[in-house]
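Okay, structure first, notes after.
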Amino acid sequence: MCLGVPVKIVEIEGQDALVESGGLRQKIRLDFVPEAQIGDYVIVHAGFAIALLEKEEALETLELLKDADVIP
Amino acid sequence: MLSLETNKVLESIAKMDVSAHFMEVCGTHTVSIARSGLKKLLPESIKLISGPGCPVCVTSQSDIDYAIALARQPGVIVATFGDMVRVPGTETSLLETKASGGKVEVVYSPLDSLNLAEAHPREQVVFLAVGFETTAPLIARTVQLAKAKGISNLSFLIMHKLIPPAMRQLLQMKEVKLDGFLLPGHVCAVIGSRPFLFLKEEFGLPGVVAGFEAEDILLALFMLAQQKKEGRAEIEIQYRRVVRQEGNPNALKAMEEVFEVGEAEWRGLGIIPHSGLVLRQSFSDFDARNRFSLEIKDSREYPLCGCGEVLRGVLAPQECPLFGTVCTPDSPVGPCMVSSEGSCAAAFHYERET
């Protein structure tokens with residue numbers, strides 16, 4: 001099951017990191033996003049971060065709606 | 001509840017007056033669509049069809065039987081994602097095997113199988129490696145770690161499958177008429193959007209990589225409808241906060257180092273060349289099929305189970321003669337009703353009255 005919810009990195013030690021979401025903390029691996037820093041948001045799948053969230057794209061939904069002239 | 005903006009997107013889709021059949025090939029999309037009731041909110045001219053997007057569901061019956069046979073071996077601990085344990089094999093399931101003394105451990109991450117192997121040095125741990133391109137890099141890294149640590153009592157039953165070849169097979173079968181695809185967000189987080197260019201090049205079809213919120217999916221459908229309306233067939237990305245065209249190079253590298261592409265047997269689609277992964281020679285010691293060489297005879301699916309047709313989009317779950325009567329989430333006869341990502345389970349939980 002793919003969880004679409006991004007989680008925030010709060011600690012990094014080598015390839016291991018601690019992430020937090022809704023007050024819950026979880027240990028994950030950073031093998032596939034070695035560039036991740038504390039404070040970044042990542043997508044986690046079965047214990048591994050598989051993608052780093054692009055902050056500038058976070059508002060994409062709103063932008064796309066604007067592009068499509070759906071909202072002003 | 002859908003937001004004001006969402007309602008405006010729905011209105012815009014309705015105004016486009018497009019007739020189309022779009023398929024999703026991701027179990028999490030299937031669940032999100034069912035849970036949000038999107039099908040009912042969309043104009044009638046737009047139909048959503050589920051394809052082969054649930055990893056447990058597409059696993060062949062002989063692979064399920066192999067996993068069960070492993071769990072029956074003395075001295076073997078089978079480690080698996082939770083969705084696999086209730087899938088009925090030809091005679092029994094992993095859960096029933098566990099009840100009668102087999103050792104089956106549900107794990108959250110493939111890494112847990114490393115710990116399990118280290119904690120049980122006298123037993124053989126076998127991890128059931130199911131999943132698409134999203135999961136394969138994780139398994140690849142776990143295999144690499146096992147090799148680096150010299151763990152000799154861990155192996156992997158590799159059942160990994162690749163989504164693009166299954167989509168090509170489905171289109172070549174021409175059983176369902178499709179006008180475009182919602183592309184799987186996290187498969188694309190790993191492999192990028194480029195492996196889907198064949199849709200446009202070989203079949204003249206559009207595809208949009210979608211995120212997992214109902215709003216993401218709706219927006220991706222808007223983008224697909226717009227392409228259809230304008231007569232375009234492009235591979236676009238709605239889920240831009242996560243997906244790059246080129247995917248995740250680190251994850252791809254791990255996959256490439258550990259696996260090579262081979263044929264795979266899919267429930268509903270049969271054997272498809274170049275649609276699966278096998279361990280490379282340098283990691284073949286970790287292949288459970290080499291370590292145990294079990295022979296599985298006479299694997300059979302439950303008679304009348306429509307899971308195969310459901311996975312091809314030929315049959316809607318509710319059209320299966322067993323749906324909701326003989327086959328329910330409490331007493332499932334096929335994996336599409338077992339897995340939380342299965343089309344039949346999603347339809348049973350969220351769309352039963354339709």
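The values are calculated or read from the model by the stated rules, or taken from the named source; none is laboratory data. None of the values given here were measured: they were computed from a predicted structure. Note that each Cβ is placed from the backbone with ideal geometry, even for glycine, and that neighbours are counted across all protein chains shown.
Structural remarks
- Residues of segment B:266-293 that are in contact with a Phe, Trp or Tyr (Cβ under 8 Å, 6 or more places away or on another chain) and surrounded by 16 or more Cβ atoms within 10 Å (Cβ to Cβ): B:Ile272, B:Ser275, B:Leu277, B:Val278, B:Leu279, B:Phe286, B:Asp287, B:Ala288, B:Arg289.
- Residues (aliphatic (A, V, I, L, M) and either surrounded by fewer than 24 Cβ atoms within 10 Å (Cβ to Cβ) or within 15 Å of the chain's Cα centre (by Cα) (or both)) located in segment B:140-169: B:Leu145, B:Ala148, B:Ile151, B:Leu157, B:Ile158, B:Met159, B:Leu162, B:Ile163, B:Ala166, B:Met167
- Subset of segment B:158-184 [of a type outside the set (Asp, Glu) and more than 26 Å from B:Asp63 (Cβ to Cβ)]: B:Lys174, B:Lys177, B:Leu178, B:Gly180, B:Leu182
- Condition check for B:Ser60: under 24 Å from the mean Cα position of the chain (by Cα) and touching a residue at least 60 places away in the same chain (Cβ under 8 Å): yes
- Checking each residue in segment B:314-348 for being in a loop (DSSP other than H, G, I, E, B), away from chain A (no Cβ under 14 Å) and crowded, with 24+ Cβ neighbours inside 10 Å picks out B:Cys320, B:Pro332, B:Gly334.
- In this structure, B:Thr97 does satisfy being of a type outside the set (Asp, Glu), buried (at least 22 other Cβ atoms within 10 Å of the Cβ) and modelled with pLDDT of 95 or more.
- Annotation note: of B:Phe127, B:Phe132, the sole residue that is within 20 Å of the chain's Cα centre (by Cα) and closer than 21 Å to B:Arg291 by Cα is B:Phe127.
- Residue check, A:Ala36 within 13 Å of chain B (Cβ to nearest Cβ), closer than 27 Å to B:Cys57 by Cα and of a type in the set (Gly, Ala, Ser): no
- For segment B:1-45, a residue qualifies if it is assigned to a helix (DSSP H, G or I) and more than 14 Å from chain A (Cβ to nearest Cβ), and the qualifying residues are B:Leu38, B:Lys39, B:Lys40, B:Leu41.
- Any chance B:Ser299 is of a type in the set (S, T, N, Q) and farther than 25 Å from B:Ile191 by Cα: yes
- Residue tally, condition among the small types (Gly, Ala, Ser) and within 14 Å of chain A (Cβ to nearest Cβ), over segment B:56-115: 4
- Members of segment A:19-33 that are surrounded by 16 or more Cβ atoms within 10 Å (Cβ to Cβ) and more than 10 Å from chain B (Cβ to nearest Cβ): A:Val19
- Residues in segment B:246-287 that are under 30 Å from B:Pro303 (Cα atoms), of a type outside the set (D, E, K, R) and touching a strand residue (DSSP E or B) at 6+ places or on another chain (Cβ under 9 Å): B:Gly262, B:Ala264, B:Trp266, B:Leu269, B:Ile271, B:Ile272, B:Pro273, B:His274, B:Ser275, B:Gly276, B:Leu277.
- Failed condition for B:Glu263, given (1) among the acidic types (Asp, Glu); (2) surrounded by fewer than 17 Cβ atoms within 10 Å (Cβ to Cβ); (3) touching a helix residue (DSSP H, G or I) at 6+ places or on another chain (Cβ under 6 Å): (3)
- Scanning segment A:1-40 for residues that are under 23 Å from B:Pro184 (Cβ atoms) and assigned to a strand (DSSP E or B) gives A:Val7, A:Val19, A:Ser21, A:Ile28, A:Arg29.
- Conditions (1) within 22 Å of the chain's Cα centre (by Cα); (2) over 30 Å from B:Leu70 (Cα atoms); (3) not aliphatic (A, V, I, L, M); number of the one not met by B:Glu201: (1)
- Which listed residue is at pLDDT below 80 and either at positive phi or more than 7 Å from chain B (Cβ to nearest Cβ) (or both), from A:Asp67, A:Asp16: A:Asp67
- All positions within segment B:35-52 that are among the small types (Gly, Ala, Ser) and modelled with pLDDT under 95: B:Ser36, B:Gly37
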